[in-house]
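Have a look at the structure below, then the notes.
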Amino acid sequence: MAASVASREMPSETVAKVNGIITSAGDSFVLPAKYEGEGVHSDLIRSLLKVQHIHRGRVTCIFTVKPYVCNRYNTLHGGAVGSIAEIVAIACARTVVHKDKELFLGELSVSYLAAAVNQAEVMIDASVIRSGRNLTVVAIEFKLKDKEISTYLCRATFYNMPVASL
């Protein structure tokens, strides 16, 4: 690991605090070997989800925030929000896009509004905003179940690609 270089005008206490924040912000939790490998992380995320309703162009799920998807502040990790949003968006898009077309995620945007703390129950509502021949856009909203407060708003853009026939 390379040594840190700090400005001479910077107090040494500030440099020590910044170094401490950066070094402790990394991986403080080591996953067991059985959770290393392809597809394991999506299986962990899928195990959180319980489907409530499925309609054409709309999917509603619920999940409870577990400690293994929390960050150091004991709230839902941003990467978990993105993974959950992607899984639910794909499920929602599949209700309107024919199965012979492959979906390619072109963009996923996530807006943070409020934190979902450990053991909170979160409702996820996904709905297709627009679906055409080549493009499908899905909006995903995360809300705390008990307070009806929006926590995250997401939008996923999928490109619908026909499966190649050789």
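A few comments on the model shown:
- Given (1) free of Cβ contacts under 8 Å to residues at least 40 places away in the same chain; (2) loosely packed, with under 14 Cβ neighbours inside 10 Å; (3) among the charged types (D, E, K, R), index of the condition GLU102 fails: (1)
- Taking the stretch 107-137 as the range and being more than 14 Å from the chain's Cα centre (by Cα) and either among the β-branched types (Val, Ile, Thr) or surrounded by fewer than 12 Cβ atoms within 10 Å (Cβ to Cβ) (or both) as the test, the residues that pass are VAL117, GLN119, VAL128, ILE129, ARG130, GLY132, ARG133, ASN134, THR136, VAL137.
- Which listed residue is β-branched (Val, Ile, Thr), out of contact with any His (no Cβ under 7 Å at 6 or more places or on another chain) and without any contact (Cβ under 8 Å) to a residue 24 or more places away in the chain, from VAL137, VAL81, VAL128: VAL137
- So HIS55, is it loosely packed, with under 14 Cβ neighbours inside 10 Å, more than 17 Å from GLU121 (Cα to Cα) and either within 22 Å of the chain's Cα centre (by Cα) or modelled with pLDDT of 75 or more (or both): yes
- Test set (1) modelled with pLDDT under 65; (2) under 16 Å from the mean Cα position of the chain (by Cα); (3) among the small types (Gly, Ala, Ser) - ALA91 fails condition number: (1)
- THR23 vs. criteria out of contact with any Cys (no Cβ under 8 Å at 6 or more places or on another chain) and modelled with pLDDT of 80 or more: no
- Taking the stretch 58-79 as the range and being under 16 Å from TYR112 (Cα atoms) and either over 14 Å from the mean Cα position of the chain (by Cα) or surrounded by fewer than 12 Cβ atoms within 10 Å (Cβ to Cβ) (or both) as the test, the residues that pass are TYR73, ASN74.
- Per the conditions (1) hydrophobic (A, V, I, L, M, F, W, C); (2) in a loop (DSSP other than H, G, I, E, B); (3) within 18 Å of THR60 (Cβ to Cβ), the sole criterion not satisfied by CYS154 is (2).
- The set of residues from the stretch 56-73 being touching a residue at least 40 places away in the same chain (Cβ under 8 Å) and hydrophobic (A, V, I, L, M, F, W, C) comprises VAL59, CYS61, ILE62, PHE63, VAL65, CYS70.
- Selected residue (criterion: surrounded by the most Cβ atoms within 10 Å (Cβ to Cβ)) from residues of the stretch 138-152 that are acidic (Asp, Glu) and under 22 Å from HIS55 (Cβ atoms): GLU141
The values are calculated or read from the model by the stated rules, or taken from the named source; none is laboratory data. All of these numbers come straight from a predicted model, not from anything done at the bench. For neighbour counting, all protein chains shown are included, and Cβ atoms are generated from backbone atoms with ideal geometry for every residue, glycine included.
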